[in-house]
Amino acid sequence: MNREKLIGALAAIVGDEWVHHRPSELIAYSIDGTFQQARPDLVVSPATTEQVAAVVRVAAGTGIDRKSVV
């Protein structure tokens with residue numbers, strides 16, 4: 001699944017405003033309190049248990065490493 005399709009699939013689950021994929025949005029997620037910094041490819045903010053499960057299913061279907069889904 002290409003990036004745009006992945007973003008669309010995730011947005012269908014949580015809504016467009018909860019899928020962060022623009023560089024200006026991702027910079028806030030690149031720092032976690034350690035001395036290492038890495039910008040994520042995208043960030044999803046599900047609100048319900050059902051949304052979390054659906055996001056994990058989409059990630060599993062694309063071969064994304066589950067460790068990346070936090």
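The values are calculated or read from the model by the stated rules, or taken from the named source; none is laboratory data. Because the structure is predicted, anything quoted here is derived from the model rather than measured. Cβ coordinates were reconstructed from backbone atoms using ideal geometry, including for glycine residues, and neighbour counts include every protein chain displayed. These accessible areas exclude ligands, DNA and RNA; they are computed on the full protein's heavy atoms, side chains included. Shrake-Rupley method; radii C 1.70, N 1.55, O 1.52, S 1.80 Å.
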Practice problem: Taking 7 Å along the Cα-to-C-beta vector as the label spot, tell me the residue 64-residue 36 distance in nanometres, rounded to one decimal. | Solution: 1.9 nm
Quiz item: How large is Rg/Rh for the chain, to two decimals, with Cα atoms and a Kirkwood Rh?
Solution: 0.96
Quiz item: With axes computed from alpha carbons, what is the tilt in degrees of helix 49-62 against the longest principal axis of the chain, rounded to the nearest 10 within 0 to 90?
Solution: 90 degrees
Exercise. Using Cα pairs closer than 8 Å and at least 6 residues apart in sequence, work out the relative contact order for the chain, in percent.
Key: 29 percent
Self-check item: Student exercise, the chain dipole from Lys, Arg, Asp, Glu Cβ charges, in Debye to nearest 20
Solution: 220 debye
Quiz item: What accessible area per residue, rounded to a whole number of Å², is obtained for the chain using a probe radius of 1.4 Å?
Solution: 75 Å²
Quiz item: Which order do peptides 52-60, 30-38 fall in by mean Cβ count within 10 Å, highest first?
Solution: 52-60, 30-38
